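Structure, as C-alpha cells:
Taken together, the values in this text are just the output of simple stated rules run on the coordinates, not laboratory data. In this text, all values refer to a predicted model and were calculated from it rather than measured experimentally. So basically every Cβ, Gly included, is an ideal-geometry build from the backbone, and we count neighbours across all protein chains shown.
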Amino acid sequence: MKNIVILISGRGSNMQSIVRACREENWGAKISAVISNRNDAAGLQFAKDAGISTAVLSHKGYPDRESYDRALASIIDAFNPDLVVLAGFMRILSEWFVEHYTGRLLNIHPSLLPNFRGLHTHQQALDAGVRVHGATVHFVTPELDGGPIIAQAVVPVMPDDDADTLADRVLEQEHRIFPRVVKWFVDDLVMLDENGKVVLEPEVVEDIGFVITGGGL
C-alpha cells in the first residue's frame, strides 16, 4: 500500500477530492498526512474529521527557502511517502526539495501549461483572448510550473466569463483529473523515467480521453 502526503495552504478542495476518491474507490493507498504552512488552512479541519494526521509548519522564522524546505521534508519523510501531492500549496519550492522528491512529487496548475504560468491564470487567459483554458497535472521540477505534463483537462472560455466564473469551471475539472492521475501513480501506471520523460502504461493511454474531454467541449 502506498503512502500519500498532501500539502495545502488553504481550503484544500483538491485534497478533499483526492481523499474522497481514495476511500470511495478503495485505492491501494493511504492518505497518511495533510500538511500546511498555514495554521488557519481550512482544509486541515477536513483532514482531521477524516481521521488523517495533520501538521503545520509555518515558513516564518526560517532564514531562507531551503532551510524551511528541509524542515518540511523531515516532517513529510516521517510518514514514509511514496508520493507527495501539492494541492494548493502556495510556496515556491527550493531545488533541494524538488530533487529530494524527484519522480514522486505531483502538482496541479490551473492553466493549460505551458501557457499562463504563475498566479492569476484565469485573468491571464481572459486577457490573452484564448478560446479554451483548463488545468494541468504534472511532475514537479525546479522550473516553476515547468515539469513534465501528465494530463490536462480543457474547458471552453465563454464570451461572458470573468476570472471567477472561469476559475469555477476549471476547478470542477481539477477535481476530476487530479484524483485520476494520483490513482494512476498508485497503480504504477505513470512514472518519470531517468531522462525526465513521463511514461504512461497502455491502460492510461486508453483512459486519457476521459481526462482531456472534460468541461463540455
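Using alpha carbons only, how many degrees (0 to 90, rounded to 10) separate the axis of helix 202-212 from the longest principal axis of the chain? It is inclined by approximately 60 degrees.
The simple Förster model, with R0 at 22 Å and r as the Cβ-Cβ distance, assigns residue 48 and residue 75 a FRET efficiency of 0.85. Summarising the label geometry, the points placed 7 Å from Cα in the beta-carbon direction at residue 1 and residue 90 lie 3.4 nm from one another.
For residue 88, the shell of other residues with beta-carbons less than 13 Å away shows a net charge of +2, using +1 for Lys and Arg and -1 for Asp and Glu. Only one residue of 116, 106, 147 has its Cα farthest out toward the positive end of the dipole of the range 2-212, where Lys and Arg carry +1 and Asp and Glu -1 on Cβ, and that residue is 106. Spin-label pair residue 20-residue 67: with each label point 7 Å from Cα along the Cα-Cβ axis, the two points sit 4.1 nm from one another.
When DSSP beta bridges are restricted to pairs lying wholly in the range 2-212, around 45% turn out antiparallel. For the range 71-144, the relative contact order comes to 36 percent (Cα pairs under 8 Å, sequence separation of at least 6). Comparing mean-square fluctuations of 111, 32, 67 from a GNM of the chain with C-alpha springs under 10 Å, the top value falls on 67.
Taking every alpha-carbon pair under 8 Å whose residues sit at least 6 apart, the chain reaches a relative contact order of 19 percent. Residue 2's amide H: which non-local residues (gap 5+, or another chain) put their own amide H closer than 5 Å, with H modeled 1.01 Å from N in plane and none for Pro or chain starts? Sorted by chain and number, the residues that satisfy this are 29, 30.
Considering only 191, 166, 47, whose Cα is most displaced toward the positive end of the charge dipole of the chain, charges sitting on Cβ of Lys, Arg (+1) and Asp, Glu (-1)? Comparing the listed Cα positions along the dipole, 47 ranks first.
About its Cα centre, the range 2-212 has a charge dipole of approximately 560 debye under the convention of +1 per Lys or Arg Cβ and -1 per Asp or Glu Cβ, with nothing else charged. For residue 150, nonlocal amide neighbours, meaning residues 5 or more places apart or on other chains whose placed amide H falls under 5 Å from its own, are 137, 138, 139. Taking 0.36 nm per residue of separation and subtracting the current Cα-Cα distance, fully stretching the chain between residue 131 and residue 188 would add 17.1 nm. The amide H of residue 133, built 1.01 Å from its N in the peptide plane, has 155, 157 as neighbours under 5 Å, considering only residues 5 or more places off or on other chains. Could you state the angle between the C-alpha long axis of helix 163-186 and the longest principal axis of the C-alpha atoms of the chain, as a value from 0 to 90 degrees rounded to the nearest 10? Tilt of helix 163-186: around 60 degrees. Mind scanning 60/197; 2/197; 60/183 and naming the pairs with a C-alpha gap bigger than 24 Å? From the list (60/197; 2/197; 60/183), the Cα-Cα distance tops 24 Å for 60/197; 60/183.
By the rule of a C-alpha distance below 19 Å, with chain neighbours fewer than 8 residues away ignored, the aspartates and glutamates paired with residue 30 are 49, 77, 82, 187, 188.
Working note: Karplus 6.51/-1.76/1.60 with θ = phi - 60° gives the range 118-135 the couplings x, 9, 6, 5, 6, 5, 4, 5, 5, 5, 7, x, 6, 9, 9, 9, x, 9 Hz, where Gly and Pro are set to x.
Note: relative contact order over the range 1-125, using C-alpha pairs below 8 Å and six or more positions apart, is 29 percent.
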